[in-house]
Amino acid sequence: MLINILQQCSLFKNMSTEDIESILSTIDYDVINYSKEQIISTEGEECHKIGIVLEGNIEIRKIYPLGKSITVTRLNPSDIFGEVILFSNMKHYPSTLVACNSLEVLYISKKQIIDLMEHQSIIMNNLLNVLSSKILTLNKKLRNLSYENMRQKIADFLLSEYKKQQNLYIELNISRKEMAETLGVTRPSLSRELALMKDKGIIDYHKNTIKINNLQMLEDCLF
């Protein structure tokens with residue numbers, strides 16, 4: 001199971017089972033288990049290792065002084081975290097990482113990663129691709145912050161999912177609460193706006209499926 005998950009991880013992309021097994025036999029790594037709602041790392045904590053989710057899910061949360069929080073993103077099995085911080089001058093987590101459920105994470109130290117890059121060019125290329133993708137994702141989030149109203153944020157989210165899924169029927173793998181936190185809005189406000197968009201014939205929805213009724217009208221929401 002470990003090898004199967006790592007083959008899906010962007011750090012080990014295009015590597016054979018034998019290659020990954022060889023790497024694991026030559027490096028020091030840790031596998032740590034967490035229980036639901038256990039804190040993995042807190043905002044401001046120093047980052048020393050790259051983490052790879054083997055089982056379960058992680059929420060990256062921005063927690064404010066009075067206890068309210070916003071989910072920045074959610075990590076799934078084979079997702080990687082800590083790599084941007086580890087190779088930056090910041091060195092500290094900007095948000096808090098929390099286990100959503102029973103969780104298992106594999107950790108590799110910075111020294112081990114550097115050693116791997118020196119001897120495995122594919123690891124270096126994969127890591128550079130990961131960092132580049134994170135920059136593009138950050139640009140997307142900044143664009144979302146630039147929108148003036150909630151409908152623009154929802155439209156951008158749905159259009160992004162439409163491009164990924166290539167289907168007018170958008171299957172959501174997150175709850176409405178998680179979607180609201182991702183967009184930086186409250187769940188009741190999100191539900192009201194979705195209902196208004198449904199009334200105007202832009203979308204329809206049922207449970208975790210949102211249907212784009214009119215793609216042009218949805219795009220027009222951005223302008």
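Residues that are more than 19 Å from Leu116 (Cα to Cα) and touching an Asp or Glu at 6+ places or on another chain (Cβ under 9 Å) within the range 6-46 comprise Ile32, Asn33, Tyr34, listed in sequence order. For the range 1-54, taking the residues that are among the polar types (S, T, N, Q) and free of Cβ contacts under 8 Å to residues at least 12 places away in the same chain, the one that is least open to solvent (accessible area, probe 1.4 Å) is identified as Ser16. Taking the range 181-190 as the range and being of a type outside the set (S, T, N, Q) and either farther than 18 Å from Thr73 by Cβ or in contact with a strand residue (DSSP E or B) (Cβ under 9 Å, 6 or more places away or on another chain) (or both) as the test, the residues that pass are Glu181, Gly184, Pro188.
Among the residues of the range 202-218, those that are more than 14 Å from Lys153 (Cβ to Cβ) and either in a helix (DSSP H, G or I) or touching a Gly at 6+ places or on another chain (Cβ under 9 Å) (or both) comprise Asn213, Asn214, Leu215, Gln216, Met217.
Just to be sure, is Asp30 closer than 23 Å to Ser132 by Cβ and of a type in the set (Asp, Glu)? So Asp30 does not fit the description; no.
Residues that are crowded, with 16+ Cβ neighbours inside 10 Å and within 14 Å of the chain's Cα centre (by Cα) within the range 173-187 comprise Glu178, Met179, Glu181, Thr182, Leu183, listed in sequence order. Taking the criterion of being polar (S, T, N, Q), modelled with pLDDT of 90 or more and open to solvent by less than 80 Å² (accessible area, probe 1.4 Å), the only residue of the range 122-148 that qualifies is Asn126. Pairs are defined by a Cβ separation below 7 Å, a sequence spacing of at least 6 or placement on different chains, a first member in the range 186-213 that is more than 16 Å from Leu168 (Cα to Cα), and a second member that is of a type in the set (Gly, Ala, Ser) and modelled with pLDDT under 95; the pairs so defined are Thr186/Ala180; Arg187/Ala180; Leu190/Ala180.
Taking the range 95-113 as the range and being part of a loop (DSSP other than H, G, I, E, B) and either crowded, with 20+ Cβ neighbours inside 10 Å or not hydrophobic (A, V, I, L, M, F, W, C) (or both) as the test, the residues that pass are Ser95, Asn101, Ser102. Report yes if some residue within the range 203-223 is within 30 Å of Val98 (Cβ to Cβ) and acidic (Asp, Glu); otherwise report no. No: zero hits. For residues that are aliphatic (A, V, I, L, M) and touching a strand residue (DSSP E or B) at 6+ places or on another chain (Cβ under 7 Å), scanning just the range 154-172, find the one that is surrounded by the most Cβ atoms within 10 Å (Cβ to Cβ). Out of the qualifying residues, it is Leu158. The number of residues in the range 55-76 that are open to solvent by less than 70 Å² (accessible area, probe 1.4 Å) and under 14 Å from Ile32 (Cα atoms) comes to 3.
The values are calculated or read from the model by the stated rules, or taken from the named source; none is laboratory data. Quick caveat, the model's predicted, so the values are computed rather than measured. All Cβ positions, glycine included, derive from the backbone under ideal geometry; neighbour counts span all protein chains shown. SASA here: full protein model, heavy atoms, side chains in, ligands and nucleic acids out. Shrake-Rupley method; radii C 1.70, N 1.55, O 1.52, S 1.80 Å.
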